[in-house]
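Heads up, the thing below is written out as structure tokens.
The values are calculated or read from the model by the stated rules, or taken from the named source; none is laboratory data. Since the model is a prediction, treat every value here as computed from it, not as a measurement. Don't worry about glycine lacking a Cβ; one is built from the backbone with ideal geometry, like all the others, and counts go over all protein chains shown.
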Amino acid sequence: MTSPVRLALLGCGTVGSEVVRLLHEQSADLAARIGAPLEIAGIAVRRVGRDRGDLPVDPGLFTTDPLGLIKRDDVDVVVEVVGGIEPARSWLVEALRAGKSVVTANKALLAEDGAALHDAAAEGGADLYYEASVAGAIPLLRPLRESLHGDRINRVTGIVNGTTNFILSAMDATGAGFAEALEEATELGYAEADPTADVEGFDAAAKAAILASLAFHTRVARPTCTGRASPR
Ligand SMILES: NC(=O)c1ccc[n+]([C@@H]2O[C@H](COP(=O)([O-])OP(=O)(O)OC[C@H]3O[C@@H](n4cnc5c(N)ncnc54)[C@H](OP(=O)(O)O)[C@@H]3O)[C@@H](O)[C@H]2O)c1
């Protein structure tokens, strides 16, 4: 029997709990495709005692010590779905430098300081994947990184923020005002309780920085408060 690939999952909120569910529901299929079973070695969260409903996972896997989990010898890959800049950056730099590959959905961190992660990955000889950080359901980042790597890209266009897309479409279609459309987006679960990142454009800016970095082979950090993107 091939040894399992052991995952440290950092975060078990909206995204992390679905990662757990999919790993559980699709374990046989994933093992067949990967050639080894995928196992969760531990899950770092803020509140171990939080009610996580019917999540199909051993409660004994939860910990509040992400660094301790990352450093364990039986952890091969680190999956980060916590979000924010710190402490996520320190955890991922630690993992990558130690040669543990990282999968992250953290667009804010990639846009703010993707360079720190790429440098740590190069130092540790580890892989850094972040397909889910921009348009997760669309094969976009990997084709930019790999298939189109030798091509010259002149322009990248698209709608990258689903919440504002919903709000603008609703305003256009029904004549609703912004506040009304935002309320509807919140009721339907498209907008988060605090919609600042979406409606102020921070989410779209982070995604644009990640896309521009890949498409134009440079390092673009998210816009500063002056609204100007800064090359890194
Ligand atoms: N939500 C989406 O639709 C979506 C889509 C694409 C990408 N993303 C990205 O995915 C990431 C996660 O988003 P989310 O919506 O799943 O967030 P979330 O629901 O707020 O979950 C965050 C998780 O991180 C844990 N956490 C927070 N601070 C921590 C700390 N200091 N130490 C250990 N654990 C900590 C929380 O623990 P507790 O459970 O104990 O509170 C929770 O499990 C973000 O980078 C986000 O930008 C999200």
Practice item. Take segment 98-130 and flag every residue that is farther than 18 Å from Gly84 by Cβ and part of a loop (DSSP other than H, G, I, E, B). Key: Ala98, Gly99, Lys100, Gly125, Ala126, Asp127
Check your understanding: When segment 170-195 is examined, which residues are found to be modelled with pLDDT under 95 and of a type in the set (Val, Ile, Thr)?
Key -> Thr186
Revision key, fill the gap. Of the residues in segment 201-220, those that are assigned to a loop (DSSP other than H, G, I, E, B), charged (D, E, K, R) and either at pLDDT 95 or above or crowded, with 17+ Cβ neighbours inside 10 Å (or both) number 0
Review point. Before we move on, is Leu188 touching a residue at least 60 places away in the same chain (Cβ under 8 Å) and over 15 Å from the mean Cα position of the chain (by Cα)?
Key: no
Practice item. Count, please, the residues in segment 39-53 that happen to be crowded, with 17+ Cβ neighbours inside 10 Å and either aromatic (Phe, Trp, Tyr) or over 11 Å from Asp65 (Cα atoms) (or both). Key: 3
Exercise for review: Only residues that are acidic (Asp, Glu) and buried (at least 16 other Cβ atoms within 10 Å of the Cβ): list them for segment 57-114, please.
Suggested key: Asp76, Glu80, Glu94, Glu112, Asp113
Study note, to complete from the structure: When Glu146 is run through (1) in a loop (DSSP other than H, G, I, E, B); (2) more than 28 Å from Glu200 (Cα to Cα); (3) of a type outside the set (A, V, I, L, M), the failure sits at (1)
